[in-house]
1. For residue 13, indicate whether it is more than 10 Å from the chain's Cα centre (by Cα) and surrounded by fewer than 13 Cβ atoms within 10 Å (Cβ to Cβ).
2. Scan the stretch 5-31 residue by residue and report those that are touching a helix residue (DSSP H, G or I) at 6+ places or on another chain (Cβ under 8 Å) and either of a type in the set (Asp, Glu) or part of a loop (DSSP other than H, G, I, E, B) (or both).
3. Taking the stretch 114-123 as the search range and keeping residues that are in a loop (DSSP other than H, G, I, E, B) and open to solvent by less than 50 Å² (accessible area, probe 1.4 Å), which one is nearest to residue 3 (Cα to Cα)?
4. Given 75, 96, 91, 60, which one is in contact with a Lys or Arg (Cβ under 7 Å, 6 or more places away or on another chain) and either at pLDDT 95 or above or aromatic (Phe, Trp, Tyr) (or both)?
5. Name the residue that is surrounded by the most Cβ atoms within 10 Å (Cβ to Cβ), counting only residues in the stretch 34-58 that are more than 17 Å from residue 72 (Cα to Cα) and among the small types (Gly, Ala, Ser).
6. Give all pairs with beta carbons closer than 6 Å in which a residue from the stretch 1-21 that is under 14 Å from residue 70 (Cβ atoms) meets a residue that is among the charged types (D, E, K, R) and part of a strand (DSSP E or B); count only pairs at least 6 apart in sequence or on separate chains.
7. If a residue must be under 16 Å from residue 6 (Cα atoms), open to solvent by 30 Å² or more (accessible area, probe 1.4 Å) and of a type in the set (Ser, Thr, Tyr), how many such residues does the stretch 91-113 contain?
8. Check every one of the strands (runs of 3 or more DSSP E) wholly within the stretch 60-104 and list those with 1 or more residues that are closer than 15 Å to residue 37 by Cα, in contact (Cβ under 8 Å) with a residue 60 or more places away in the chain and in contact with a Cys (Cβ under 6 Å, 6 or more places away or on another chain).
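The values are calculated or read from the model by the stated rules, or taken from the named source; none is laboratory data. Here the structure is a predicted model, which is why all the values come from computation and not from measurement. Positions of Cβ are backbone-derived with ideal geometry, glycine not excepted, and every protein chain shown enters the neighbour counts. The area values use the complete protein model at the heavy-atom level, side chains included, leaving out ligands, DNA and RNA. Shrake-Rupley method; radii C 1.70, N 1.55, O 1.52, S 1.80 Å.
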Amino acid sequence: VQLQASGGGLVQAGGSLRLSCAASGRNFSRYAMGWFRQAPGKEREFVATIHAHDGSTNYAASVKGRFRISRANAAGMLYLEMNNLQPEDTAVYYCAFAAGAWPYTLSAHYPFWGQGTLVTVSS
């Protein structure tokens, strides 16, 4: 199983970024996918998740209304559109394969992880 996240970078507060995650080695459309992040000196936290195939989503309260998770099952791709970014969104963002179809919010339900992409938001 491979997960390759990309799209991170440096952006000013109020700006936008779109993260992508290319997945392979697993039947993509059978599993929920999630985005998590880890800021310097902090524990990894949940950001967003999307069901394997019905489009249902869950978001952390801190990003709801600003971030949007989506997926393209035929292409094996996961996305995270991030708008109105703030300095507190600065973190390494990780994409992950869930253990099943349900959009879990706990990292313990995600057995496969990508290498992460750094998002830095300047004030």
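1. When the stated conditions are applied, residue 13 does not pass them.
2. Scanning the stretch 5-31 gives a single hit, 13.
3. Among residues in the stretch 114-123 that are in a loop (DSSP other than H, G, I, E, B) and open to solvent by less than 50 Å² (accessible area, probe 1.4 Å), the one nearest to residue 3 (Cα to Cα) is 114.
4. Details: 75 fails: in contact with a Lys or Arg (Cβ under 7 Å, 6 or more places away or on another chain); 96 fails: in contact with a Lys or Arg (Cβ under 7 Å, 6 or more places away or on another chain); 60 fails: in contact with a Lys or Arg (Cβ under 7 Å, 6 or more places away or on another chain).
Every option except 91 fails the conditions.
5. The extreme case among them is 39.
6. Pairs that qualify, where the first residue is under 14 Å from residue 70 (Cβ atoms) and the partner is among the charged types (D, E, K, R) and part of a strand (DSSP E or B), are 7/18; 18/81.
7. 1
8. By residue number, 91-97.
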